[in-house]
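Just below is one structure, and these are the notes that go with it.
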Amino acid sequence: MPGDSFRTEKRLRQLINQLVAFVAVLDRDGRIKDVDEAALAVAGLKLDDVIGLHFWEAAWWNYDPFIQEQMRSDIARAAQGETIRREARPMKTDGSLLPVDFQLGRIVNERGEVIEIIASASDITLQKQHEADLEEERNRLALLNRELRHRVKNLFAVVDAAISISARQIEDRDEMIAAARSRIHALSAAHVASIEEEDFSVGLRTLLTGVLSAQCPNADALTMEGPDFQIGSHSVTPLTLVCHELATNATKYGAWAKDGGTIQVAWDLVGRKADEDERENRHDVRIQWHEHIAEATALEPFDEGFGSDLVRRCAKQLGGVPEYERADGGWRISMRFPAANLRE
């Protein structure tokens, strides 16, 4: 009866509209016969806007001819009895694309012939976000793993070199052991500080504090001043060794060899050339080390021995050269490194 047919159709529409998935009913040629409200809302459409259109001509898919042709081909296969399931991206009202799990099913008559095609889709935005988050986490862990391998390899190489060269240049066994142990402890302090950051970088002030505090005789013997600046993981080892050797020299022969001596470490960003862009990566980081010896004494030369050679080697690795100046009261050492190098 006509009334029963109307009630059945109304009940079916209410049922479809209660579904979480997007649903559309198509004829064998792919023309739209019905669509649920959720699918219409995604593209800001009304039912009258799409009834009678080929499914691939509707606003969900007409943003790209390739996507339309792919949809037309899928519907043709579904009309032959094939079930289609894949990821698709219909266009939303705001022009963005919505990731969905898309499927084409079929309704058949008593002879098994396809009479209608059911297009359905489920929003998988959260799933895609979770997949992206997992991929980002995998990439982050892979990067950390590579960084750890690189760092451990470098540390072993530096320690091996420090011990080997010390053994050749220091005759006294106990002195050699003490020198090697001191350098290893300095490296340990710097690297412990750096692992607190996810990318293994460390602030310059934090690095200096970790390296120098072990040899600093008291709180008044060291002052530091400079802006925040992060030292990249690959620069931690050479810069640590530079600062450690300067502190060791100060402890043996310089400001910290006698009571009352002080060291001031200051750093700032300076432009390389006046005509270059004033972007930070076009700057150098200038580190100035100023020793003040409390009692006047003859300054030991700074250009001999393994320690000073190690300072030059490590500074060169960072793209810099230390400059030594005899000043009233002690040594002034100035070093300039490309900021981009220190960030690596």
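Read-outs throughout are calculated quantities, based only on the coordinates presented, and are distinct from any laboratory measurement. This is a predicted model, so every value here is computed, not measured. Heads up, the Cβs are rebuilt from the backbone with ideal geometry, glycines too, and the neighbour counts pull from every protein chain shown.
Here are the numbers for this structure:
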read-out: Segment His130-Gln70, length gained on full extension (0.36 nm per residue, minus Cα span); value: 18.9 nm
read-out: Net charge of neighbours whose Cβ lies under 14 Å from the Cβ of Pro65, counting Lys and Arg as +1 and Asp and Glu as -1; value: -2
read-out: Other-chain or far-sequence residues with amide H under 5 Å of Leu222's (modelled H); value: Ile263
